[in-house]
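**Q** This structure is in structure tokens; I'll ask about it shortly.
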Amino acid sequence: MTPGEQIRDFVPVQNVATTFLDVCVNQTLEPGRPEVHNVGTGQPVTILAFAQYWWRTWGAKGRLLPGAIPYRPGEVMRYVPELTL
């Protein structure tokens, strides 16, 4: 993997689905007027910390090799939504 210093806000798909349904059911949506809402946990984490957590949690064999490959050209180092919900 890369060194893993990129920062992301990983959201369980169940949270996204629940939020989507809540907006559809509990808000007055107007036909032809799209709404955009950012969904996130509000807890940004590095790719490395995320990978290490799940590696331990799943009891994966082998080992992670942070820094074994370089970042891509133009790599986005921080991609975290400004939460609206």
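**Q** Checking L83 against (1) in contact with an Asp or Glu (Cβ under 8 Å, 6 or more places away or on another chain); (2) surrounded by 10 or more Cβ atoms within 10 Å (Cβ to Cβ); (3) part of a loop (DSSP other than H, G, I, E, B); (4) in contact (Cβ under 8 Å) with a residue 40 or more places away in the chain, only one condition comes out false. Which one?
**A** (1)
**Q** Residue check, E5 against (1) loosely packed, with under 14 Cβ neighbours inside 10 Å; (2) modelled with pLDDT of 90 or more, all met but one. Which one?
**A** (1) is the only condition that E5 fails.
**Q** Sort out which residues of region 1-44 are touching a residue at least 12 places away in the same chain (Cβ under 8 Å) and polar (S, T, N, Q), and write them in order of number.
**A** Correct list: T2, Q6, N15, T19, N38, T41, Q43.
**Q** I want to confirm something. Restricting to region 20-63 and keeping residues that are polar (S, T, N, Q) and part of a helix (DSSP H, G or I), which single residue is nearest to the chain's Cα centre (by Cα)? Give the derivation first.
**A** So in region 20-63, the residues polar (S, T, N, Q) come out as 26-28, 38, 41, 43, 46, 52, 57.
Next, only the ones that are part of a helix (DSSP H, G or I) stay: 26, 52, 57.
On the way: N26: 25, Q52: 15, T57: 18 Å.
Selected residue: Q52.
**Q** What are the residues in region 26-78 that are hydroxyl-bearing (S, T, Y) and surrounded by 11 or more Cβ atoms within 10 Å (Cβ to Cβ), if any? Reasoning before the result, please.
**A** Residues of region 26-78 that are hydroxyl-bearing (S, T, Y), as a first pass: 28, 41, 46, 53, 57, 71.
Within region 26-78, T41, T46, Y53, Y71 qualify.
The values are calculated or read from the model by the stated rules, or taken from the named source; none is laboratory data. What you see is a predicted model, and the numbers here were worked out from it, not measured in a lab. When we count neighbours, we look across all protein chains shown, and the Cβ atoms used for this are built from the backbone with ideal geometry, even at glycine.
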